[in-house]
Amino acid sequence: MNINVIKFSEDKWVIVPQRNTIDEIIDIYSKQSLDKFKELFEEFIIKDKDGKPDILAATAIVRKINNDTKDITFQLYSIE
């Protein structure tokens with residue numbers, strides 16, 4: 001399973017929900033305030049660890065939401 005993760009601030013990443021594309025997330029980010037963006041994607045936001053997303057936290061979120069135990073491959077992007 002391929003999962004996209006976007007860095008949107010110095011210390012935060014957002015997992016792109018399967019219902020959205022990367023372009024949609026970037027569009028929402030550009031049209032909303034940072035607080036509103038965080039509110040909309042609260043359950044998909046993870047912290048940064050040494051310049052990369054916290055993969056353990058991301059894996060837990062993906063498995064919880066998708067009820068899936070398949071291998072996960074993360075693709076990283078940045079809005080900054």
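Name the single residue, out of those in region 1-32 being assigned to a loop (DSSP other than H, G, I, E, B) and aliphatic (A, V, I, L, M), that is surrounded by the most Cβ atoms within 10 Å (Cβ to Cβ).
Val16
I'd like to verify a number: residues in region 62-80 that are surrounded by 12 or more Cβ atoms within 10 Å (Cβ to Cβ) and either among the polar types (S, T, N, Q) or modelled with pLDDT of 95 or more (or both), how many?
1
Condition first: free of Cβ contacts under 8 Å to residues at least 40 places away in the same chain, among the polar types (S, T, N, Q) and not in a loop (DSSP other than H, G, I, E, B). Can you find one or more residues in region 42-62 that meet it?
Yes.
Give me the pairs: first residue in region 1-13 and under 12 Å from Leu34 (Cα atoms), second residue β-branched (Val, Ile, Thr), beta-carbon distance under 7 Å, and six or more apart or on different chains, which are they?
Phe8/Val14; Phe8/Ile79; Lys12/Ile45
The values are calculated or read from the model by the stated rules, or taken from the named source; none is laboratory data. All values derive from a computational prediction rather than experimental measurement. A quick note on method: Cβ atoms are made from the backbone with ideal geometry, for glycine too, and the neighbour counts reach across all protein chains shown.
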